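Worksheet: one structure, shown below.
The values are calculated or read from the model by the stated rules, or taken from the named source; none is laboratory data. None of these values were measured; they are calculated from a predicted model. Here Cβ is always computed from backbone atoms with ideal geometry, including for glycine, and neighbour counts include all displayed protein chains.
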Amino acid sequence: MVCPGRAKQIFGTRGFSLLELIMVLAVLGIMAGVVAPATGRFLDRLSFRQQTAALVAGTRYARLMAVGKGRPVAMRFDAQAKSLSFSGAVAEKKEVELSEGSVFELRPETLVFYPDGLATPGRMVSRSGHRSQEFRIDPLTGIPVRQ
């Protein structure tokens, strides 16, 4: 057990002054002002990467289904519905989350993936603000390659 006189020596009797507390709050405010814009840019970049990854995953899915099912698979992107549609060996639609102001282009409008792994040559371009990412569909492998 600590006697009351000893407690004063261990813990001290002085607290923080009002000036010290105001200085700490000012420093925290400045740090928050610097960190907030950087966090916003990071989240924008992350969102763009996620939507681009979803589009690339769609092409890999189409190729995998063509090879796995032994029949061609055609892939189209519907800009209004924001979805990839697949026809041929599989018939389904996959919604793609595009952030506001994002644009995705598929050239030609329909890509066909064949059971032997080949594909029609094409390009995919994903844009969001000043960010842009382009992929070329390799006709010999059917795999999207970053440009």
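Quick test of your reading of the structure: Ala38 fulfils all but one of (1) at pLDDT below 90; (2) under 17 Å from Gly142 (Cα atoms). Name the failing condition by number. If we test Ala38 against (1) at pLDDT below 90; (2) under 17 Å from Gly142 (Cα atoms), just (2) comes out false.
Restricting the range 95-122 to residues that are in contact with a strand residue (DSSP E or B) (Cβ under 8 Å, 6 or more places away or on another chain) and under 15 Å from Arg63 (Cα atoms), which is surrounded by the most Cβ atoms within 10 Å (Cβ to Cβ)? Spell out how you get there, then give the answer.
Keep residues of the range 95-122 that are in contact with a strand residue (DSSP E or B) (Cβ under 8 Å, 6 or more places away or on another chain), which gives 95-96, 98-99, 101-113, 119-122.
Checking the rest, the ones that are also under 15 Å from Arg63 (Cα atoms) come to 110-113, 119-122.
Values: Thr110: 13, Leu111: 25, Val112: 18, Phe113: 28, Ala119: 25, Thr120: 16, Pro121: 14, Gly122: 20.
Within the range 95-122, the match that is surrounded by the most Cβ atoms within 10 Å (Cβ to Cβ) is Phe113.
Of the residues screened, Glu97 is one that is of a type in the set (Asp, Glu) and touching a residue at least 40 places away in the same chain (Cβ under 8 Å).
Looking only at the range 78-87, residues that are at pLDDT below 90 and farther than 15 Å from Leu55 by Cα come to 1 in all.
Listed residues Leu98, Leu64; which is in a loop (DSSP other than H, G, I, E, B) and under 19 Å from Arg123 (Cα atoms)?
Values: Leu64 fails: in a loop (DSSP other than H, G, I, E, B).
So the residue among Leu98, Leu64 that is in a loop (DSSP other than H, G, I, E, B) and under 19 Å from Arg123 (Cα atoms) is Leu98.
For the range 123-138, enumerate the residues that are out of contact with any strand residue (DSSP E or B) (no Cβ under 6 Å at 6 or more places or on another chain) and in a loop (DSSP other than H, G, I, E, B). Walk me through how you get there before you give the answer.
Looking only at the range 123-138, we keep the residues that are out of contact with any strand residue (DSSP E or B) (no Cβ under 6 Å at 6 or more places or on another chain), and these are 129-132.
Across the range 123-138, the qualifying residues are Gly129, His130.
When the range 34-53 is examined, which residues are found to be buried (at least 17 other Cβ atoms within 10 Å of the Cβ) and hydrophobic (A, V, I, L, M, F, W, C)? Phe48, the sole residue that qualifies.
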